[in-house]
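Structure record follows, encoded as structure tokens.
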Amino acid sequence: MKINSLSTDEVFQSLVTSADGLSEEEAKRRLAEFGYNEIEEIKKKPLIFKFLSQLTHFLAILLWVAALFSFLSEYIHPGEGMLTLGLAIVGVIFINAIFAFIQEYRVEKALAAMKKLLPFYVRVLRNGKETEIFAREVVPGDVATLMEGDKVPADIRIIETNEIKVNNAPLTGESEPVGRTKEPFSGELINSQNIAFAGTMVVSGSAKGVIFSTGMRTEFGRIAHLTGTVTPGISPLQKEITRITRVVTAIAVTTGLLFFSIGYLIGRTFWENFLFAIGIILANVPEGLLPTVTLSLAMGSQRMAKRKALIKNLTSVETLGSVSVICTDKTGTLTQNKMEVKKVAGLCDNATEKVQGISLFHSALLCNNTKEVEGNLKGEPTEVALYKAAADSIGHIENKRLKEFPFDSDRKRMSTINSMRDTTYVLAKGAPESILQISRHCFRGKDIVPFNTSMEEKSVELYHSLMDQGLRVLAFAYKEVKSDEMIASKEDAERDMIFMGFIGLEDPPRPEVAEAIQKCREAGIRIIMITGDSSRTAAAIAKEIGLIKEKATIVEGAEFLKMSDAELRDVLSDKEIIFSRMTPKHKLRVVNILKEQGERVAVTGDGVNDAPALKRADIGVSMGTGTDVAKEAADMILLDDNFATIVNAIEEGRAIFENIKKFIIYIFAHLTAEAVPYILFILARIPLPLTVMQILAIDLGTETIPALGLGVEPPEAAIMKQPPRPKGKGLIDRKVLFKGYIFLGLIGTIGVLFAYFFVLNKGGWRWGVELPINDPLVYQASTATFLGIVMMQIGNVFACRTQTESIFKIGIFGNRLILWGILAEILLSAFIIYHPWGNKIFSTASIPLSVWLLLIPFMFMVFFAEEVRKFLARYREVILTIDNSQLKE
């Protein structure tokens with residue numbers, strides 16, 4: 001028989017289990033039999049095909065054509081060195097492919113490692129005790145508990161239910177929540193209302209059920225969906241880098257063809273012009289740009305993970321740096337989520353005194369889902385604090401819970417029906433205004449009196465005074481019902497209640513939050529608090545942490561619902577904003593309006609109803625302790641639930657973006673020094689200043705490690721004192737192009753050409769004299785050009801380490817990867833210049849020490865020219881700041 005058509009007892013019998021679950025020994029045996037509860041991922045693209053794809057992209061095809069022409073040239077005119085060139089170009093294609101393949105592989109490994117930081121836990125009964133285990137370890141026969149916000153780990157036959165509703169969208173595509181029951185159902189399994197399917201989400205309520213299918217045996221497994229939450233994606237930044245590479249390549253090809261034509265017109269041979277065209281193309285194309293940028297993003301993600309911010313995809317790394325607004329919760333994010341009962345207050349002198357055999361603490365203890373597991377209290381922090389205070393005051397009470405009406409954000413309360421000492425009670429707790437709304441009587445001394453207008457006003461005044469102290473305030477109520485009275489709905493249960501009093505809980509702010517908020521102010525990032533707490537409590541906490549300093553705009557939930565979009569836009573243009581008594585679903589509207597105004601929005605959330613806002617935001621931030629639904633929807637997960645971690649992640653995101661710009665400037669600077677000598681070669685008919693092999697030795701050899709070193713530079717001190725990056729501002733702008741190609745590029749080119757002509761002049765060459773390509777003096781001169789570019793890039797890598805700060809402030813020797821890279825660069829250059837193998841492969845010749853010494857001043861000239869530019873930029877910034885402050889006065 002089908003599992004959905006069986007009764008509860010038959011389900012236990014069919015799966016050889018019981019209401020107490022499995023024993024640990026039996027669970028281990030079944031795990032060995034059925035395997036881990038995992039969905040097998042769709043077969044990935046074989047590594048060999050990934051590698052081959054690196055040999056067939058736009059740039060690679062271009063180089064294959066060049067290699068083909070080189071081989072053709074060698075066939076037609078043997079002995080002119082074109083075979084070596086062709087082989088070198090093929091070598092470039094494979095070196096570039098291997099490099100890109102390794103970078104891509106490392107990125108995948110980094111993402112896989114981060115995926116393991118997202119454990120998925122399930123509550124099951126083992127040996128009769130509730131315990132949390134990894135979802136992959138559940139087996140058929142396990143009795144599991146499902147709560148609001150949980151992701152269903154396997155196919156489960158419901159045996160107990162408390163108004164549970166699930167979202168079956170991952171399975172059926174229908175996003176409307178549907179209820180689940182425990183009653184047998186004789187129809188098809190997929191239509192059964194007593195089954196919670198793997199991969200679906202619990203939207204509200206709770207249930208208990210028996211797992212009957214795991215892994216690929218589940219309905220979810222049968223339709224072969226991937227369950228991975230961490231996906232690499234192709235980010236806009238990567239697309240931009242690809243576009244830039246293609247544009248630069250197109251420019252290089254056009255330039256090569258142009259000068260090929262000019263060379264032909266002035267009498268150069270076809271193959272000389274062809275050699276030049278290949279050289280100018282290779283000199284201008286940044287072959288390793290895309291894979292290095294991708295790796296930089298992945299390394300940034302790993303650094304963020306160490307700082308407790310888990311990035312789920314590379315796209316989020318770049319977006320973080322441009323965030324302009326953070327919409328944050330209060331509890332657990334700005335505060336420590338360490339609730340402690342501080343005050344108990346009511347309309348009588350002793351608010352904890354029993355009235356007709358029941359007290360406020362009875363309601364706090366019994367209308368509560370906290371559980372004691374092996375001596376520890378497990379539950380939501382607020383409920384744990386209430387339970388602890390109540391248990392310490394009145395001890396444990398013998399009772400039986402008959403029914404529960406779970407908390408929801410619309411009612412803002414929960415209630416239970418409990419049998420205690422032969423009496424049945426409805427017990428309720430929730431937001432003060434919610435409880436007062438359903439109360440008709442109240443405690444007054446040892447009496448129960450009508451809850452009239454005067455009593456209500458005193459109650460409001462009382463809870464306002466508690467909120468002004470920064471306390472989170474909950475109200476409590478009860479009523480007695482007849483034991484045989486049938487209460488079918490929460491509306492019937494929560495009618496005509498007796499108000500008992502208030503409990504004020506303290507949740508102290510996180511000590512590091514105030515500094516993080518100040519950082520955001522300096523960085524031009526607005527912070528909007530969106531909380532379910534009252535406006536008075538929220539305002540008190542906001543003042544304490546420095547979130548509001550002037551007169552803040554405070555909007556309560558009821559007022560928010562009445563606002564038009566135009567009115568909400570006006571509110572959102574204010575500097576300091578607090579939304580109180582808000583439900584999670586209202587966050588989506590706030591996010592939509594902010595995005596319409598051109599803001600880059602980060603939103604925090606941890607509940608089921610937060611998911612739409614988390615998905616809609618530019619950066620959705622889920623708490624590590626949040627629901628599985630929220631984690632699925634988020635782009636970033638805070639492993640420590642700390643607001644300061646968001647700010648750290650934004651700082652890291654900005655740093656990564658700036659480091660990639662530094663890397664690009666560094667690459668562009670040497671392209672000028674490679675291209676200008678080639679242009680002089682074709683126009684001024686000077687001896688060959690640089691060989692294609694030497695260009696490749698620079699692009700793929702000497703400068704690779706220093707370039708990577710720029711990608712791990714720590715954030716500059718001023719990075720969080722700048723406004724957010726404007727939306728739409730690309731990675732490469734006029735400043736980057738000018739600084740790379742013109743400023744640093746031309747200064748470096750002066751040093752390179754000086755060394756080149758110094759060697760030629762010392763060797764007796766005079767202007768207008770043509771030298772054959774294989775002349776020893778040509779080898780020496782081109783070697784001087786090669787060394788000049790290497791030396792200029794050493795100056796450039798130090799110059800590019802900061803955008804505005806002086807390198808002397810951060811420390812010249814602070815980046816060890818760059819230092820090791822420079823050492824490797826010098827050793828490789830020495831091998832190419834002085835070793836016979838290097839001479840043969842790269843067409844170089846030994847040059848005297850005087851050339852090295854000659855280049856050192858030019859290397860320092862590059863470095864100090866950039867230091868002067870930075871000084872002038874800082875000076876101008878100071879002058880502007882002084883002028884602005886004087887204008888304000």
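Along the Cα→Cβ direction, 7 angstrom out, place labels at K2 and E522. What is the inter-label distance in nm?
My value for the distance between the label points is 6.4 nm.
Specify the angular offset, from 0 to 90 degrees and rounded to the nearest 10, of the alpha carbon long axis of helix 82-115 from the longest principal axis of the alpha carbons in the chain.
10 degrees
As a test, work out the antiparallel percent of DSSP beta bridges whose residues both lie in the chain, rounded to the nearest 5. Write down the numbers at each step before the final one.
Details: 73 of 98 bridges.
Antiparallel bridges: around 75 percent, rounded to the nearest 5.
What nm distance separates the two modelled labels at E491 and E559, each placed 7 Å from Cα along Cα→Cβ?
Simple spin-label model gives 3.1 nm for this pair.
Rounded to the nearest 0.05, what FRET efficiency do K400 and I262 give with R0 = 56 Å and r taken as the Cβ-Cβ distance? Could you check?
On the way: r = 96 Å, r/R0 = 1.71.
Rounded to the nearest 0.05, the efficiency is 0.05.
Using the Cα centre of the range 421-538 as the reference point, and only Cβ charges (+1 on K/R, -1 on D/E), how large is the resulting charge dipole? Debye, rounded to the nearest 20.
Numbers: 16 positive and 20 negative charges, 36 e Å.
It works out to roughly 180 debye.
Compare the peptides 65-71, 179-185 by average per-residue count of other Cβ atoms within 10 angstrom and give them in order, highest first. Working shown, then result.
On the way: 65-71: 17.9, 179-185: 16.1.
Highest mean packing first, the order is 65-71, 179-185.
Pop out the carbon and sulfur fraction of the accessible area of the range 656-888 as a percent, whole number, probe 1.4 Å.
On the way: 7380 of 10380 Å².
Of the solvent-accessible surface of the range 656-888, carbon and sulfur hold 71 percent.
About the Cα centre, and with charges only on the beta carbon of Lys, Arg (+1) and Asp, Glu (-1), how big is the dipole of the chain? Nearest 20 debye, please. Before the final figure, lay out the partial values.
Numbers: 100 positive and 102 negative charges, 393 e Å.
Here the size comes out at about 1880 debye.
Just list whichever of K306/K519; K739/K809; K354/K429; K378/K543 have alpha carbons separated by over 25 Å in the model shown.
On the way: K306/K519 20 Å; K739/K809 21 Å; K354/K429 17 Å; K378/K543 32 Å.
Exceeds cut-off: K378/K543.
Work out how much length D775 to K343 would gain on full extension: take 0.36 nm times their residue separation and subtract the Cα-Cα distance, in nm to one decimal.
On the way: separation 432, 0.36 × 432 = 155.52 nm, distance 9.33 nm.
146.2 nm is the gain from fully extending D775 to K343.
Over the range 340-506, what percent of the accessible surface lies on carbon and sulfur atoms, probe 1.4 Å? Write out the running numbers ahead of the final one.
Working: 3500 of 7910 Å².
Using a 1.4 Å probe with all protein chains present, the range 340-506 comes out at 44 percent carbon and sulfur.
Would you give the gap between the C-alpha center of the range 623-639 and the C-alpha center of the range 854-872, rounded to a whole Å?
48 Å
Going through the range 331-435, which GluC sites (Glu not before Pro) have at most 13 other Cβ atoms within 10 Å and a DSSP loop state?
Working: sites: E340, E353, E372, E374, E383, E398, E404, E433; in loops: E353, E374, E398.
Passing both the DSSP loop test and the Cβ count: E374, E398.
Just the number: Rg to Rh for the chain, Cα atoms, Kirkwood Rh, two decimals. Could the numbers behind the result be given before it?
On the way: Rg = 35.1 Å, Rh = 32.0 Å.
Rg/Rh for the chain comes to 1.10.
What length, rounded to one decimal in nm, is gained on full extension from E544 through to K371, with 0.36 nm per residue of separation minus their alpha-carbon distance? Could you put the intermediate results ahead of the total?
Values: separation 173, 0.36 × 173 = 62.28 nm, distance 3.31 nm.
Working it through step by step, the gained length comes to 59.0 nm.
Using only Cα atoms, tell me the angle between helix 849-888 and the longest principal axis of the chain; keep it within 0 to 90° and round to the nearest 10.
Rounded to the nearest ten degrees, it is 40.
Counting other Cβ atoms within 10 Å, which trypsin sites (Lys or Arg not before Pro) in the range 477-529 have at most 16 and lie in a DSSP loop?
Numbers: sites: K479, K482, K490, R495, K519, R521, R526; in loops: K482, R495.
Filter output for the range 477-529: K482, R495.
Taking the Cα centre of the range 340-506 as the origin, how large is its charge dipole in debye, to the nearest 20, when only Lys and Arg (+1) and Asp and Glu (-1) carry charge on their Cβ atoms?
Working: 23 positive and 27 negative charges, 30 e Å.
The calculated dipole for the range 340-506 is roughly 140 debye.
Ordering S301, S261, S206 from largest to smallest accessible area (1.4 angstrom probe), what's the sequence?
Details: S301 0, S261 60, S206 25 Å².
I get S261, S206, S301, largest accessible area first.
With a 1.4 Å probe and every protein chain left in place, work out the accessible area per residue of the chain in Å², rounded to a whole number. Walk me through the intermediate numbers first.
Numbers: 39300 Å² over 889 residues.
With all protein chains present, the chain gives 44 Å² per residue.
Output the 0 to 90 degree angle, nearest 10, between the alpha-carbon long axis of helix 513-522 and the longest principal axis computed from the alpha carbons of the chain.
Result, in degrees: 50.
The values are calculated or read from the model by the stated rules, or taken from the named source; none is laboratory data. Bear in mind that the values here come from a model prediction, so they are computed numbers and not experimental data. Cβ coordinates were reconstructed from backbone atoms using ideal geometry, including for glycine residues, and neighbour counts include every protein chain displayed. Note: accessible area is taken over every heavy atom of the protein model, side chains too, but ligands, DNA and RNA are not part of it. Shrake-Rupley method; radii C 1.70, N 1.55, O 1.52, S 1.80 Å.
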